[in-house]
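Chemist: Dropping a structure here in structure tokens format, bear with me for questions.
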Protein chains: 2
Amino acid sequence: MNCILLPAENFSADAAKIDSLSQVSHVTKVLGAKVGDRLKIGQIGGNLGTAVIESITANSIQLGNVQLNTAPPAKLDLTVILALPRPKVLRRLIMDMTALGVRDIILINSYRTQKSYWQSPMLERIDEFVLEGLQQSIDTIVPSITLQKRFKPFVEDSLASLISNRAIVAHPYSQQSFSEFLQLQPSRELPNLVCIGAEGGWIDYEIELLSAQGCTPVHIGSRILRTEAAVNAILGQWLL
Amino acid sequence: MNCILLPAENFSADAAKIDSLSQVSHVTKVLGAKVGDRLKIGQIGGNLGTAVIESITANSIQLGNVQLNTAPPAKLDLTVILALPRPKVLRRLIMDMTALGVRDIILINSYRTQKSYWQSPMLERIDEFVLEGLQQSIDTIVPSITLQKRFKPFVEDSLASLISNRAIVAHPYSQQSFSEFLQLQPSRELPNLVCIGAEGGWIDYEIELLSAQGCTPVHIGSRILRTEAAVNAILGQWLL
């Protein structure tokens with residue numbers, strides 16, 4: 001946590017209260033903060049700033065002198081459509097995409113997504129992973145996250161309307177590299193929509209359907225990366 | 001595992017033997033392979049290819065018709081100097097840097113590296129994490145990995161000789177972005193050496209020492225990423 005984010009209802013006038021046990025534990029144990037210390041905080045959906053610790057109990061920390069004067073960093077103009085991954089890696093993927101500043105995240109079914117993944121209790125915890133990502137990257141704005149359990153109707157009926165600029169689908173077996181794709185764009189302009197498969201990638205039928213709706217298949221070299229590594233390696237382009 | 005890598009001593013004529021329990025379990029349980037099936041294999045330090053399963057026991061798999069005709073992918077002309085991270089994330093970092101094709105990895109002490117990290121049993125398991133990265137990315141060539149427990153002597157005496165082209169050090173508080181740095185290079189040529197801090201990054205003194213030896217501090221935006229995410233986001237540039 002590089003800042004402590006609190007919901008709007010925890011603020012009143014220039015005071016605020018930390019009442020989540022993981023945040024209290026982080027402040028007292030990891031940061032080792034004491035009464036009188038100033039903390040980096042933010043209001044979820046609002047500004048970033050600081051506050052001073054007024055009192056600490058086992059379950060809550062009272063803050064005073066709250067100053068929220070800094071706007072959060074801009075989001076990326078980017079929608080990521082990700083094949084729902086194994087529950088084990090969902091936490092880090094949501095954290096990382098949030099931390100990178102992706103504005104819209106769509107978790108979609110794919111041929112290689114096991115049915116059981118949609119029943120995972122991890123899906124109930126997405127808000128928690130988003131909060132971790134925001135606190136990591138010092139941002140306050142929650143990305144939109146939607147679940148699409150039906151691939152074909154979503155791609156055929158809704159995908160094209162999400163593409164304002166250009167769109168790509170990451171596919172190790174495509175002809176064109178992401179670099180070649182960028183060189184063909186005016187001023188190397190980045191796409192506003194990226195589709196990324198989970199382990200095993202997309203099947204040919206899915207690539208055909210995505211292509212038909214305007215997503216250009218691109219590869220990032222012959223090396224097969226873990227989904228997390230691939231997401232960060234691809235989205236790293238938006239940080240440059 | 002996208003291929004099964006075996007050491008040279010497991011090969012004889014056109015036969016080979018899988019005797020690591022994790023590989024045997026992967027072949028039989030994850031891949032569900034049976035006698036007569038063809039597997040993607042490789043020889044550590046050698047070529048990639050295929051072989052046919054001749055027999056399976058609980059502890060080993062005998063392979064025949066071994067064909068090793070494909071050269072491994074090229075390594076990146078890149079040295080990564082990484083501040084030794086928390087043991088918990090070391091495995092994934094070594095896997096990912098290996099999978100991305102980094103040729104030389106140097107794990108170095110830094111002000112924010114806790115002393116206990118150097119005593120972690122995870123350091124004994126680096127070869128295992130390298131093998132995972134190679135089997136992930138379908139490569140056979142082990143990167144060189146060295147540990148440097150003394151920051152200052154290494155940076156002052158050895159660093160400059162490793163820089164054949166240009167070098168950067170990732171630092172969120174630098175003036176120049178990585179993108180601006182690249183635009184100043186002929187044909188956007190990438191550096192051959194990258195220094196990346198672990199959680200908390202480098203302290204000013206370290207940045208000064210690295211700069212004095214030829215590493216340009218660059219940032220990748222204001223967002224603070226997890227070490228793993230930052231490594232993949234930065235090294236993703238080499239895949240384009």
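The values are calculated or read from the model by the stated rules, or taken from the named source; none is laboratory data. All of these numbers come straight from a predicted model, not from anything done at the bench. All Cβ positions, even for glycine, are placed from backbone atoms using ideal geometry, and neighbour counts span all protein chains on display.
Chemist: Considering only residues that are surrounded by fewer than 16 Cβ atoms within 10 Å (Cβ to Cβ) and under 25 Å from the mean Cα position of the chain (by Cα), which ones fall in region A:200-213?
Modeler: Passing the criteria: A:Gly200, A:Ile203, A:Ser211.
Chemist: Based on this model, can you work out whether B:Thr113 counts as touching a Pro at 6+ places or on another chain (Cβ under 6 Å), assigned by TED's automatic domain parsing to the domain that holds B:Tyr205 and under 21 Å from B:Asn232 (Cα atoms)?
Modeler: Considered against the rule, which asks whether it is touching a Pro at 6+ places or on another chain (Cβ under 6 Å), assigned by TED's automatic domain parsing to the domain that holds B:Tyr205 and under 21 Å from B:Asn232 (Cα atoms), B:Thr113 comes out as no.
Chemist: Any residue that is over 30 Å from B:Ala167 (Cα atoms) and surrounded by 15 or more Cβ atoms within 10 Å (Cβ to Cβ) - is there at least one of those in region B:80-95?
Modeler: No, the conditions are met nowhere in region B:80-95.
Chemist: Still on this structure: Considering only residues that are facing another protein chain (nearest Cβ under 7 Å) and touching a helix residue (DSSP H, G or I) at 6+ places or on another chain (Cβ under 7 Å), which ones fall in region B:220-234?
Modeler: B:Ile220, B:Gly221, B:Arg223, B:Ile224, B:Leu225, B:Arg226, B:Ala229, B:Asn232, B:Ala233, B:Ile234
Chemist: Hey, another quick one. Is there a residue in region B:190-202 that is free of Cβ contacts under 8 Å to residues at least 40 places away in the same chain and out of contact with any Phe, Trp or Tyr (no Cβ under 9 Å at 6 or more places or on another chain)?
Modeler: Looking through region B:190-202, none of the residues is free of Cβ contacts under 8 Å to residues at least 40 places away in the same chain and out of contact with any Phe, Trp or Tyr (no Cβ under 9 Å at 6 or more places or on another chain).
Chemist: Looking only at region B:103-130, count every residue that is among the β-branched types (Val, Ile, Thr) and surrounded by fewer than 19 Cβ atoms within 10 Å (Cβ to Cβ) and tell me the total.
Modeler: The number of residues fulfilling the criteria is 1.
Chemist: Going by what's in this entry, would A:Glu132 be described as among the acidic types (Asp, Glu) and either more than 30 Å from A:Asn47 (Cβ to Cβ) or more than 14 Å from every other protein chain (Cβ to nearest Cβ) (or both)?
Modeler: No, not satisfied.
Chemist: Hey, another quick one. For region A:54-72, which residues satisfy the criterion of being touching an Asp or Glu at 6+ places or on another chain (Cβ under 6 Å) and within 14 Å of chain B (Cβ to nearest Cβ)?
Modeler: Listed by number, the list holds a single entry, A:Pro72.
Chemist: I would also like to ask the following. Test A:Leu239 against the stated conditions and say whether it is closer than 29 Å to A:Pro72 by Cβ, surrounded by fewer than 20 Cβ atoms within 10 Å (Cβ to Cβ) and within 11 Å of chain B (Cβ to nearest Cβ).
Modeler: Criteria not met by A:Leu239.
Chemist: Another question, if that's okay. Can you pull out the residues in region A:146-189 that are free of Cβ contacts under 8 Å to residues at least 24 places away in the same chain and out of contact with any helix residue (DSSP H, G or I) (no Cβ under 7 Å at 6 or more places or on another chain)?
Modeler: Within region A:146-189, A:Pro153, A:Asp157, A:Ser158, A:Ser161, A:Ser179, A:Gln183, A:Leu184, A:Gln185, A:Pro186, A:Ser187 meet the criteria.
Chemist: I want to confirm something. Restricting to region B:185-197 and keeping residues that are surrounded by 12 or more Cβ atoms within 10 Å (Cβ to Cβ) and more than 16 Å from B:Leu82 (Cβ to Cβ), which single residue is modelled with the lowest pLDDT?
Modeler: Only one residue tops the list, namely B:Arg188.
Chemist: Take A:Val194 and decide whether it is closer than 20 Å to A:Asp77 by Cα, facing chain B (nearest Cβ under 10 Å) and of a type in the set (A, V, I, L, M).
Modeler: When the stated conditions are applied, A:Val194 does not pass them.
Chemist: If you don't mind, there's one more thing I want to ask. With respect to the numbered conditions (1) over 24 Å from B:Pro87 (Cβ atoms); (2) modelled with pLDDT under 95; (3) not basic (Lys, Arg), which one is the sole condition not fulfilled by B:Gly200?
Modeler: Unmet for B:Gly200, out of (1) over 24 Å from B:Pro87 (Cβ atoms); (2) modelled with pLDDT under 95; (3) not basic (Lys, Arg): (1).
Chemist: Find the residue count for region B:198-219, including only residues that are of a type in the set (Gly, Ala, Ser) and either within 23 Å of A:Ile94 (Cα to Cα) or at the interface with chain A (Cβ under 9 Å from one of its Cβ atoms) (or both).
Modeler: Final tally of qualifying residues: 3.
Chemist: So, of the residues in region A:7-58 that are touching a Leu at 6+ places or on another chain (Cβ under 7 Å) and outside any strand (DSSP E or B), which turns out to be surrounded by the fewest Cβ atoms within 10 Å (Cβ to Cβ)?
Modeler: That would be A:Asn47.
Chemist: Six or more apart or on different chains, Cβ under 9 Å: which pairs go from a residue in region A:14-37 that's closer than 18 Å to A:Glu128 by Cβ to one that's in a helix (DSSP H, G or I) and among the polar types (S, T, N, Q)? Could you list them?
Modeler: Filtered contacts from region A:14-37: A:Ile18/A:Asn10; A:Asp19/A:Asn10; A:Gln23/A:Gln135; A:His26/A:Gln135.
Chemist: Here's a follow-up. Taking the residues in region A:73-86 that are in a loop (DSSP other than H, G, I, E, B) and touching a residue at least 40 places away in the same chain (Cβ under 8 Å) as candidates, determine which candidate is farthest from the other protein chains (Cβ to nearest Cβ).
Modeler: Once the filter is applied, the top-ranked residue is A:Leu84.
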